[in-house]
Amino acid sequence: MLQASKQWQWIACAEKNRLLLDLNDDMQLCTPYKLRQLTDCTFKNPYFSLEDAAFYEQVYYYLEQFNLWNPAQLCQIALNATAVKFQLKPVLAKSWFFKPYTGTTPSTEAVINLSSESQTGEFLIVEHCPDASVCINLSETFALDDNLSLSQFEVIRVLNNRVHPLIISQYDSQTA
């Protein structure tokens with residue numbers, strides 16, 4: 001795992017119109033989040049806070065238990081989730097793209113499935129509220145409909161009645 005550092009900084013890059021995370025002299029993470037999506041706090045206090053670091057590590061270790069991603073992917077997912085949690089403005093729910101969940105098995109994980117008319121894909125709940133959840137797309141692309149899609153790590157808010165539990169036989173067999 002890439003250890004968080006007090007030297008890490010959030011950068012609002014006008015040239016790329018993206019939020020970057022400067023990890024050190026040789027490495028930057030370019031998020032998919034545009035400058036218009038960022039809170040004012042990003043510009044006022046760009047340093048990776050203790051709260052950022054704690055959330056990053058929590059997400060990393062949580063996802064590690066699924067054995068689905070390599071360490072580099074885990075870092076990328078966890079850092080993008082941290083950006084969404086602490087640097088992005090709230091997003092409106094766009095639940096109409098997703099089919100309601102009609103099953104009886106409750107979702108107890110933060111990694112969930114969402115199903116559009118076009119496909120089903122994995123998402124990570126970054127923030128859960130009683131009515132809706134803020135999620136990031138974990139698939140390379142996710143088709144919302146015939147015309148719109150989400151790129152990897154793009155954020156969307158959905159009503160909780162759209163959240164399908166993730167069923168991974170590999171994970172289930174390891175924890176049973």
**OP:** Calculate, in nm to one decimal, what N147 and K99 gain on full extension: separation in residues at 0.36 nm each, minus their alpha carbon distance.
**Re:** 15.6 nm
Original post:
Taking θ as phi - 60°, what are the ³J(HN,Hα) couplings along the stretch 76-88 by the Karplus curve (6.51, -1.76, 1.60), each to the nearest whole Hz, with x for Gly and Pro?
Top reply: 5, 4, 5, 5, 5, 4, 5, 4, 4, 5, 10, 10, 9
**OP:** Please tell me the relative contact order of the chain in percent, rounded to the nearest whole number, where contacts are Cα pairs under 8 Å and at least six residues apart.
**Re:** 17 percent
**OP:** Can you grab the distance from the C-alpha centre of the stretch 1-22 to the C-alpha centre of the stretch 36-100, Å, no decimals?
**Re:** 13 Å
**OP:** Could you state the accessible area per residue of the chain in Å², with a 1.4 Å probe and every protein chain left in place?
**Re:** 55 Å²
**OP:** Quote to one decimal, in nm, the extra length available between E117 and Y47 on full extension: 0.36 nm per residue of separation minus the C-alpha distance between them.
**Re:** 21.2 nm
**OP:** Provide, for q = 0.27, 0.33 Å⁻¹, the log10 of I(q)/I(0) from a solvent-free Debye sum over equal Cα point scatterers in the stretch 15-61.
**Re:** -1.22, -1.20
Original post:
In the stretch 107-146, if every C-alpha pair distance is counted and binned at 10 Å from zero, what percent goes to each bin?
Top reply: 29, 53, 17, 0
**OP:** Rounded to the nearest 10 degrees, what's the angle between the helix 50-64 long axis and the longest principal axis of the chain, both from Cα atoms, 0 to 90?
**Re:** 40 degrees
Original post:
Efficiency by 1/(1 + (r/R0)^6): what FRET value for Y62 and A14, r their Cβ-Cβ distance, R0 = 41 Å, to the nearest 0.05?
Top reply: 0.75
**OP:** Please go through the stretch 1-97 and write out the GluC sites (Glu not before Pro) that DSSP classes as loop and that have at most 11 other C-beta atoms within 10 Å.
**Re:** E15
Original post:
Which shape class, rounded, prolate or oblate, goes with the stretch 32-176 when its Cα gyration tensor gives a ≥ b ≥ c as root eigenvalues, a/c under 1.5 marks rounded, and past that a/b bigger than b/c marks prolate?
Top reply: oblate
Original post:
Between E140 and S5, what FRET efficiency comes out of the Förster formula 1/(1 + (r/R0)^6) with R0 = 25 Å and r the beta carbon distance, rounded to 0.05?
Top reply: 0.30
Original post:
Once a ≥ b ≥ c are taken as the square roots of the eigenvalues of the Cα gyration tensor of the stretch 1-112, is the result rounded (a/c under 1.5), prolate (a/b larger than b/c) or oblate (a/b not larger than b/c)?
Top reply: oblate
Subject >> Value of [θ]222 nm, deg cm²/dmol, for the chain, DSSP H segments ≥ 4, -39500 (n - 2.57) each, nearest 500 >> reply: -7500 deg cm²/dmol
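The values are calculated or read from the model by the stated rules, or taken from the named source; none is laboratory data. No experiment lies behind these values; they were computed from the predicted model shown. When we count neighbours, we look across all protein chains shown, and the Cβ atoms used for this are built from the backbone with ideal geometry, even at glycine. Just the protein is used for accessible areas: all its heavy atoms, side chains included, with ligands, DNA and RNA removed. Shrake-Rupley method; radii C 1.70, N 1.55, O 1.52, S 1.80 Å.
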